[in-house]
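Only one structure is covered here, and it is reproduced in the block below.
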Amino acid sequence: MKRSEKKQKERKKGAWTVRAHLVAFVDLLGVSHSLEAIDNAARNDADYDLSTARVFPVIETFRSSFKDFYEQHGRIRRSPAKGLAGEKQELWRRQVAPKPTIRWFSDCVVVQLPVDVTQPNTFINAFNGLAYAIGAATVTMIGMGTAVRGAVALGFGAEIAGGEIVSAGLVKAYRMEQTEADVPRILVHPDVYGAIQTLTKSDENWLPEEKAIGEALVDYARSLMREEPDGQVAIDYFGPRVLDGLHVDPVAERTTLETIEKSIHAQVRLHSGARGSDKGRRTFTKWAWLKSYWDASVSAARLKELRTAASTRVRSRA
C-alpha cells in the first residue's frame, strides 16, 4: 500500500464519504442450483411446500454463524490485555474493529467492513475478526454438506442510499473468487496481505504497549492464513486457530471434528459416481480437494486422542 493511501483516512466527495473497506465475497457452492430446482418445482407443482426446501436454512445458517463468530471474536479482542490499566486500557479499546454489513448477491454473501488504513492495529484487528468469522462459518457449512469458496480484498468505496456499500474491494474480491478460487478456499488478496505486512513495521510514534498489541495482532493474523501450493494466500479454516474457537471441551471438539469428517467423506462418496459429466467431475474434484486439505490439517491421531479424552470426561461425570 502506498504511503499516500495510508494518509487518506477519509475523502469526501459531494454527499459521500470515500474510505477503505475490507470485503469478503463468498460463494456457497451448489446453492444456485438448489434455488433453480426450487423455482422449477414451485412452477410445476401447485402443492410444492417451499418450507421443506433445505437451501433456506443453509443460507440463514451461514449468515447467523458469521455474526455469532464475529461477535465471539470481538468479545475476546475487546478484553483488555493482561496488565493494562487506565489509559492503557483505553489504548487497547481503540483497536476494536467496526461492525460489518452483510448482503446477499445471487447465491453469494458479501461482507464489508469500513477500515482506517492509517491505524495499523485497528486495521489488522478488523481483518482478524473478518477472517476468523468467515473461516468458522465455512467450517459450519462444510459440516452441513455445503462447500464454500471466496476471497477477501481491500479497496476504497462509499456507502450509498439504502446502506449499500460500493467499493473497489468488492470488485477485487469478486474477480478473485471467479478466476482464482477454483477449489473451496477463501483467498486473501495480495493488497490485504501486503497491507498487513507493511503495517507490521513499527511506527516511531507508537507507545511500547501499542507496539506489543500490534505484534500480537499480527501474529494472530498470520495464524489465520496459510500459503497454498500455487503461491496464493488463503484463510486456513481447518487450521488450529479457527477449529480451536469452535468448542470448549474435548467432547464438543470431538463432535465437531467428527461431524466435519463424516460430511466430507459422505460428499466424496456421493459425487464419486457422478464423474461422467463435467458438472459431476467438478463437484467431485472440489470435495476431493477438501478431503486432502482436511487430512493434512487434522490427523487421525488427534481424533483418537479426542475420543479418549471425551470418554474419560463422560465417565468422570457419571
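The values are calculated or read from the model by the stated rules, or taken from the named source; none is laboratory data. These numbers come from a predicted model, not from an experiment. Note that we place each Cβ from the backbone using ideal geometry, even for glycine, and neighbour counts take in every protein chain shown.
Values for this structure:
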| read-out | value |
| --- | --- |
| Failed item in (1) among the β-branched types (Val, Ile, Thr); (2) within 29 Å of ARG241 (Cα to Cα); (3) at pLDDT 80 or above, with ILE38 passing the rest | (2) |
| Residues (buried (at least 20 other Cβ atoms within 10 Å of the Cβ), of a type in the set (A, V, I, L, M) and closer than 30 Å to GLY245 by Cα) located in region 141-164 | MET141, ILE142, ALA147, VAL148, ALA151, VAL152, ALA153, LEU154 |
| Qualifying residues in region 97-123 (those that are part of a helix (DSSP H, G or I) and in contact with a Gly (Cβ under 7 Å, 6 or more places away or on another chain)) - the one surrounded by the most Cβ atoms within 10 Å (Cβ to Cβ) | PRO120 |
| Among residues of region 128-140, those that are out of contact with any helix residue (DSSP H, G or I) (no Cβ under 6 Å at 6 or more places or on another chain) and crowded, with 24+ Cβ neighbours inside 10 Å, counted | 4 |
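Let's see how each residue does on (1) in the same structural domain as VAL188 (by TED's automatic domain parsing); (2) at pLDDT below 80; (3) not small (Gly, Ala, Ser):
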{"residue": "GLN232", "(1), (2), (3)": "yes, no, yes"}
{"residue": "PRO240", "(1), (2), (3)": "yes, no, yes"}
{"residue": "LYS262", "(1), (2), (3)": "no, no, yes"}
{"residue": "ARG281", "(1), (2), (3)": "no, no, yes"}
{"residue": "TRP294", "(1), (2), (3)": "no, no, yes"}
{"residue": "SER299", "(1), (2), (3)": "no, yes, no"}
